[in-house]
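All remarks here apply to the structure that follows.
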Amino acid sequence: MKMLFIPAAQESPLWWILLKIFLQTIVFWTLFLLVIPGGLMWLESMLSWDRFHVSGQRMWGILFFVLGGSLGLTSGTMMGIYGRGTPLPFDTARHLMIVGPYRFVRNPMAIAGLTQGAAVWLFFGSWLILAYIIVGFFLWNYYVRPIEEQDLLQRFEGDYDAYRRTIRCWIPCWRGYLPDKLVTQQLEGNDK
């Protein structure tokens, strides 16, 4: 597990970190929100499965996609600027993320991705895309999240433990998390 999570190189300039996040976003959105759903819809058409239709579903799909995308882009940008790393485990943030959306919910990027997936499901009315999103949620929540949290506990010890006990994983805490020491370090870009 320790080999899976490797902090980003300390000497990386911010522009390079943000460019990597942008390129990763393009790859992830293309694969998980275009290619896989497209394949699932092709399979549905081959099986002659009907899609569901409700009034306004495309408008709601677009709205949720934009909201989820905005949350994901904001979270990724914050991770680059304040965490000095990317969302990928082998180039992960060097600092505990507790600013921006991370102040209110532990993994806003997972929420963003699932929201966008749900938006694609709603837009196209595809039952297989709904199943894909549900499977994605369970895989992330019960397989990926525990591994990621174990790494965070090892790297950030008591700071992450306090954060985890205060901030929920899926439901935002409206008061947010703001311990003075960690926020000051992140806002000043302190590498300690």
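Nothing in this text is a laboratory measurement; each read-out follows from the coordinates by a stated rule. What you are looking at is a predicted structure, and each value in this text was computed from that prediction instead of being measured. Heads up, the Cβs are rebuilt from the backbone with ideal geometry, glycines too, and the neighbour counts pull from every protein chain shown.
Quote the relative contact order of segment 1-103 in percent (integer), defining contacts as alpha-carbon pairs under 8 Å separated by 6+ residues.
Numbers: 83 pairs, mean separation 48.0, N = 103.
Across segment 1-103, relative contact order equals 47 percent.
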ask   = Can you pull the three principal axis extents for the Cα set of segment 86-143, in Å, largest first?
value = 40, 22, 18
query = Once you put a point 7 Å from the Cα of residue 142 and another 7 Å from the Cα of residue 6, both along the Cβ direction, what distance in nm separates them?
reply = 3.1 nm
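Treat every Asp and Glu Cβ in the chain as -1 and every Lys and Arg Cβ as +1, leave all other atoms uncharged, and give the resulting dipole magnitude about the Cα centre to the nearest 20 debye.
That gives the chain a dipole magnitude of about 280 debye.
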Helix 57-81 vs. the chain, principal-axis angle (Cα, 0 to 90°, nearest 10) = 20 degrees
key: Alpha-carbon centroids, segment 8-22 and segment 38-94: separation in whole Å   = 23 Å
query = Hey, what number do you get for the chain at 222 nm if only DSSP H runs of n ≥ 4 count, each worth -39500 (n - 2.57), divided across all residues, to the nearest 500?
reply = -20000 deg cm²/dmol
query = Taking all pairs of different Cα atoms in segment 115-182, averaging 1/r and flipping that mean, what Kirkwood radius in angstroms comes out?
reply = 14.3 Å
query = Can you give the angle from 0 to 90° between the axis of helix 36-46 and the longest principal axis of the chain, with both taken from C-alpha atoms, to the nearest 10?
reply = 20 degrees
query = To the nearest 0.05, how large is the calculated FRET efficiency for residue 131 and residue 62 if R₀ is 22 Å and r is the Cβ-Cβ distance?
reply = 0.50
inquiry  = Using a Förster radius of 41 Å, what is the FRET efficiency between residue 90 and residue 55 based on their Cβ-Cβ separation? Nearest 0.05, please.
reply    = 0.35
query = Could you give the Stokes-Einstein D for segment 1-98 in µm² per second, using the C-alpha Kirkwood radius, 20 °C, 1.002 mPa s?
reply = 136 µm²/s
